[in-house]
Amino acid sequence: MNCEECELLLAQEKVTPDVEAHLEQCAECWALAAEIAANAEALCEFRDEALATPPQTVGARRRPSRWAMAAAAAVVLGAILFGWRTADHGKQTAVPPAILKIKMLTPDPDVVIYWLVDANERGTER
């Protein structure tokens, strides 16, 4: 039996006569078997200990602070007032004429052509 087979059987807790014979000859596998036995014994000691229960947070909810509520109310009120001030309220406002600016580059870097087109007059013939 080689060490890999012995380690595998020790991990599966299958101690056969072949494993015992190998443990008598191999110090490394014997040390591994002793460590596995010590770990199993330590785990058995912990079996009877009560586990600490984690704090219950399922139904617990924090109430928002008064400052947070006041800040939220101020934001909502500010948004309402800003919307009221910028709303049209039925007033007719003059729309500034939209001017379309077209820039055309030429082969000569010193010559640039600009067209200024009044957007309100597009599509009308003179």
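The values are calculated or read from the model by the stated rules, or taken from the named source; none is laboratory data. Fair warning: this is a prediction, and the values are worked out from it, not measured in the lab. Virtual Cβ from ideal backbone geometry, glycine too; neighbours counted across all protein chains shown.
A few remarks follow.
- As a summary of the residue check, P64 satisfies the conditions (1) over 39 Å from the mean Cα position of the chain (by Cα); (2) modelled with pLDDT under 75; (3) surrounded by 10 or more Cβ atoms within 10 Å (Cβ to Cβ) except for the one numbered (1).
- Within the stretch 87-105, the set of residues being more than 21 Å from D118 (Cβ to Cβ) and at pLDDT 65 or above comprises L105 only.
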